[in-house]
Structure formats: structure tokens, C-alpha cells
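The values are calculated or read from the model by the stated rules, or taken from the named source; none is laboratory data. What you see is a predicted model, and the numbers here were worked out from it, not measured in a lab. Positions of Cβ are backbone-derived with ideal geometry, glycine not excepted, and every protein chain shown enters the neighbour counts.
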């Protein structure tokens, strides 16, 4: 169970972007979070992915409060999450070949020996051909790069997936293909999903339930926020 | 208004590789019309826009012609393009506003500069009012004008870029993915604003590049479908999104991928533009492909395919073709 209770978060303590937001995702459940541009839903997604420390409120992961935050949460808890961001260009290291991009989480967690087996398997799952894996991000299209970013999110076999506008930059066919990959993974592993987006039709089709921002953060104020950093 | 004939763009890469980004594009945009160019990412849509504005990188080669009135945009020199075309005769709503806006200046200062450059407005107070009016036209909140681009959300940055594009009152508006990253309400407002710009004055036109099929359906009069650098179908928007439906198997697949339709992806991925097959580039992903597909199907009727999905409206395709093509 992933529980966010009365989360207040932002980039300036005097003007938090998210106020008093509460949200629960049950294991194996797919929750869609719907909200207008600039309402703070990407910030909340970063908090849910343990990448951004909330100013106030508690985050419970399977009943245990997440503690010992520095800027992010401790790695042992963070690796239970796979995250896909909106803009693949900003969330992929431009110097890495796609194969290294996908393998990066394995390297970072000292599981190098799994790379030869895991990366080709995942590349096949997300529909990347072997010749694409040797290229760098500027040599592939947005859709192909987002496929690699999704593979990177799945490489550690996360129990939770956070997809922050994963398909906003993509065409209809790639969107349907990536959603199918996420759903196949969830069907196989029982992972929970928080999908953030602004396309109600897509989220209704994709998720078990869709919640609107207004019900998640009733006290939230709408306003401009800084463009979300890619990673 | 805009008449594109046989437009091709090739990129020459070191090592003699050639990328066929756009191949033999034919289309017209009539005054008062909105043409939506749709297709998967990486199929050459944005390159086509860059070619029309003379903004291609140095290693690009173009062929064919693109007539705006009597000016050929492909052969015009930089001086003509810079002084009379960009902003004045063609307005551009860019793909990524965050990269298009100047990061070190406020939106107000950029809008005022654009107003001063493109219109006759002079004097501080007049510029200030004109800039605020320009912001309002694109639904950009006036109290955010003194912010820098990094202080804006993606949606607001997009509206700022739209406001800049509308300032010059250009008769032809090119919108390159104007709605990427916006929520549905904002998409509707943005495209409605573009449409209003076209309708406000009968001799204006809009060429909108998008992969957002819902946005295309909302504003387009006609739809051009691009695949692997070629326009494979050119159809009336009403017929394309409505009952007869698209006729090219690729267009059909794109619509079927929508979450409110079948939500099934087209198998595989688009081919590499550097290594296109000789025949139909979609054959490898097409469920209806035959031996004939090893040869290229020209865009003779409304669709470039050897085995188009039959039109169900009872009209014979040959009578509908000249209307759709407007050659």
C-alpha cells in the first residue's frame, strides 16, 4: 500500500505547490491522477516516487513511514519505484547509449551481472530493436527514447510504477503500445501504478480508478509552477 | 495561399548517408482553411515546417517548390525570409516553447519587442497595452507577464509562444505541435484560438502539425497523413474522422490506437528514414500488404496505397478524388 497523507510540498516553503494532498494506491491497483496544467500534480508524483522531500505530511510505504529523507528518500525504498517522466529528452542522459541507459539502475545498485540477461529481454518487451540499443538519445525519436525510459523504469522490477504524463509527447500508436507494456508488466508482477495525466479518456481507459486533483488536494491553489525538472 | 509541389528534403550525413526526411509532398492550403498534418513522431512533419520557413540546417538539400503567393519559400534568400516572411507572412507556433522563448527575458519584454518589430505601435504606454492585448488573445494571464520562461508551466509557456506568433497578424500560421503537454481544456482553447484567428479574417490559413488526433478533429477542414516522409492520405476531416473513415491502413491504425476507440497499437515501429524500403514503407506493419506493396503507390487519388480500405459511403472514389486533392 502506498499512502500519501496530507502532503505539502513545493520548491519554496512560503509558497508550496501542493497543499494537503492525500492519495492511496493499493497493491496491484492502477490509479489515474487527473488535473489541469500547472496544478502541482507532477510535484506530487515526484513525492510519491520518493524523489522529492515533502515539507509536511507523511508517506507510508506498506504501512511503514518513509523516514531519513535527505533530498530524496533512502535508496532501499526508492528502488521499489519505477518512474517514467513526461519528456524523454530531459530524463535521458544524452551521453549514454540506449543499452546503457536501460542498464543504469542495475549498475547503480551493484547488480551489473544481471545486465546481459535483463537488458535484451526488456528491449524486446518495449519493442526496441538491437540496432537502436547502440544509439545515443539524439539519434532516436521521442517515441523510441520513451520506450527506453520505460525499460529503464522496469529494469529493477519495481513494485510501484509512477508514470508522470508518460505519453503526453507521443502519438496515439506509441501511446497505446507503451500503455500495453505497462499493463503486461503489472499483470505479470502485480505492481501498483500511479499514472498522472490530463487526458481523462486515456486515464479512464487505462486505470482502475481516476481521481481528480480537486479531490486529492481540496485546499490546493492553482497557479504557475516552475517547469518540472526531468529527473 | 500556400502551394507545395514535390517538396523533398534530404539530410546528408558524414559517411555519405542520406536521410529522406520528406519525400515528394504535394498539398495546398487555401485561404480560410485549416489543414492538419498528422503522423507518428519522427515521420518528417517538423522538417517540413522548417523547410517552409527556411530554417533547415546547412546539411539539408531541398527539391520541389513551396509557393506562398508568388514567392518560392525554398529558393528565397535569407534576407527576404527574415524581413518579409517570418512573423509577417508566416507565423510560427513552435514545438517546444521552453526552447523557443528567450530564457533571460520576461514574457512582457519579449512580447513588447515583437509588437514593436512587427506592428506600427510606438511609445512605451502603447506598447505595454498592445502586449497585454496580445497576451489576452492567446489566453495568457496578464499577471504572469513579468515572469521569465522558467517560471511558467508548460501550458503557460505554450500560450506565451502562441501570443508571440499571433502578433504579426500573418496570413499563414504554422503550428508545430502547438498542444503538446497541455491538458484537454487548454488544448481545446489553444486550437480554438488558432481557428478563430483563421476565421476572423477570411484570407488567413492554418497548417497545424500534430499527433493529437482529437485536436486535429476539432479544428481541421482537411487532414494530411504523413508516414515515413510521405503524405499517404489527404482527406476531408469530416469523412476522415466520421463515418466513411480513413482509407489508408496506416491512418486506420492511428485512429484505432486512440483510447476512446480500440486502443490497440500498430505493430512495430516506423522505418528508419535513412533506410527506407523501395516499395510502400508501411508494408512491413500492414495487415493487408500484398506482393504489390513492394512497389511504391503514388498519391493519385485521396490515398497512396495499393489496397485502400473501400469507402463505405457509396460514392465511387474516382469522383471524390479531384475534390480532395485540389491540385
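When you look at residue A:134, is it at pLDDT 90 or above and closer than 18 Å to residue A:159 by Cα, yes or no?
On the way: at pLDDT 90 or above: yes; closer than 18 Å to residue A:159 by Cα: no.
In short, no.
Does residue B:243 fit the bill of being more than 11 Å from chain A (Cβ to nearest Cβ), modelled with pLDDT under 90 and surrounded by fewer than 22 Cβ atoms within 10 Å (Cβ to Cβ)?
When the stated conditions are applied, residue B:243 passes them.
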Here is a list of conditions, (1) surrounded by 18 or more Cβ atoms within 10 Å (Cβ to Cβ); (2) farther than 21 Å from residue B:198 by Cα; (3) within 14 Å of chain A (Cβ to nearest Cβ); (4) at pLDDT 90 or above, and residue B:37 meets all of them except one; can you say which number that is?
(2)
Only one of (1) more than 14 Å from chain A (Cβ to nearest Cβ); (2) part of a strand (DSSP E or B) fails for residue B:223. Which number is that?
(1)
Take residue B:195 and tell me if it is in contact (Cβ under 8 Å) with a residue 40 or more places away in the chain and part of a helix (DSSP H, G or I).
yes
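Checking the condition at pLDDT below 90 and either within 14 Å of another protein chain (Cβ to nearest Cβ) or within 15 Å of residue B:45 (Cα to Cα) (or both), which residue from B:203, B:192, B:256, B:188 passes?
Numbers: B:203 fails: either within 14 Å of another protein chain (Cβ to nearest Cβ) or within 15 Å of residue B:45 (Cα to Cα) (or both); B:192 fails: either within 14 Å of another protein chain (Cβ to nearest Cβ) or within 15 Å of residue B:45 (Cα to Cα) (or both); B:256 fails: at pLDDT below 90.
After applying the criteria, what remains is B:188.
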When residue B:162 is run through (1) touching a strand residue (DSSP E or B) at 6+ places or on another chain (Cβ under 6 Å); (2) at pLDDT 90 or above, the failure sits at (2)
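Are any residues in the stretch B:172-207 closer than 25 Å to residue A:90 by Cα and touching a strand residue (DSSP E or B) at 6+ places or on another chain (Cβ under 7 Å), and if so, which ones? It would help to see each step written out before you state the result.
Here is the first cut: in the stretch B:172-207, the ones closer than 25 Å to residue A:90 by Cα are B:175-184, B:186-187, B:190.
Within the stretch B:172-207, B:175, B:176, B:177, B:178, B:179 meet the criteria.
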Among the residues of the stretch A:119-170, count how many are out of contact with any helix residue (DSSP H, G or I) (no Cβ under 8 Å at 6 or more places or on another chain), without any contact (Cβ under 8 Å) to a residue 60 or more places away in the chain and either assigned to a helix (DSSP H, G or I) or away from chain B (no Cβ under 14 Å) (or both).
5
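Just name the residue that is nearest to the other protein chains (Cβ to nearest Cβ) out of those in the stretch B:278-288 that are surrounded by fewer than 24 Cβ atoms within 10 Å (Cβ to Cβ) and touching a residue at least 12 places away in the same chain (Cβ under 8 Å). So that I can check it myself, show each step before the final result.
Taking the stretch B:278-288 first, the residues surrounded by fewer than 24 Cβ atoms within 10 Å (Cβ to Cβ) are B:278-279, B:283-288.
Imposing the further condition that a residue be touching a residue at least 12 places away in the same chain (Cβ under 8 Å) reduces the set to B:278-279, B:284-288.
Numbers: B:278: 20, B:279: 20, B:284: 12, B:285: 9, B:286: 13, B:287: 14, B:288: 17 Å.
It comes out as B:285.
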If you check B:319, B:264, which single one turns out to be at pLDDT 85 or above, more than 29 Å from residue B:60 (Cα to Cα) and either surrounded by fewer than 22 Cβ atoms within 10 Å (Cβ to Cβ) or out of contact with any helix residue (DSSP H, G or I) (no Cβ under 6 Å at 6 or more places or on another chain) (or both)?
B:264
Do you know which residues across the stretch B:37-87 are farther than 25 Å from residue B:179 by Cα, in a strand (DSSP E or B) and touching a helix residue (DSSP H, G or I) at 6+ places or on another chain (Cβ under 9 Å)?
B:60, B:62, B:66, B:68, B:71
Residue in the stretch A:177-185 that is more than 14 Å from chain B (Cβ to nearest Cβ) and farther than 27 Å from residue A:38 by Cα present
yes
